[in-house]
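Below is one structure; the comments refer to it alone.
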Amino acid sequence: MLRFKVLVSAVPLIAAAVFAKLELAPSPQPCIAVGADSVALGAAPFRADLHVEFTDDPALATVRVALAENPETADLVVVDDAPAKEGEGCGLSAARQVVAIAADPRPGSPLIYLVRDDASDGPADYRIYVRSSRVTAEEAAALIVAAHRHADASANPVL
């Protein structure tokens, strides 16, 4: 009888773990390789090197990122067609920059407007194609803006 009680009490825990897809290790954060460096989306905004924000007003935006209809016209393509494998990320480097999507405005941070691939929204600085269950369009936009800022800063260092 005791074995039956133990089994009955353990079944809900096992079922919860299966349904919740319990992960013992955190999944890798989305990242972009920029030369020998990398730019990654941060999980903790207070540790980020760069903060980006989003706006619904195109007049306030400092950067416009369009959602492309097909991958051929995009500057960045994010597609989930295979499960992520450990060790296939950007890797750690001394020059890794972390970007976070800020909830509160910060002076000097890029203000991104997502253009819905519509001519009425005006031209875009970058184009992204996102078909992913792990990465949102906002995260992909934050990554491409941070990668271009990092590449520009690396090419023109301030002394």
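Where a number appears in this text, it was derived from the coordinates with a stated rule and is not lab data. Keep in mind that what you see is a predicted model, and the values were worked out from it rather than measured. In this analysis, Cβ positions are derived from the backbone assuming ideal geometry, glycine residues included, and neighbour counts consider all displayed protein chains.
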Legend entry - Ordering of 140-148, 48-56, 69-77 by packing [mean C-beta count within 10 Å, highest first]: 140-148, 48-56, 69-77
Inset, instruction - Report the net charge of residues surrounding Ala100, where surrounding means a beta-carbon distance below 13 angstrom and charges are Lys +1, Arg +1, Asp -1, Glu -1. - result: -3
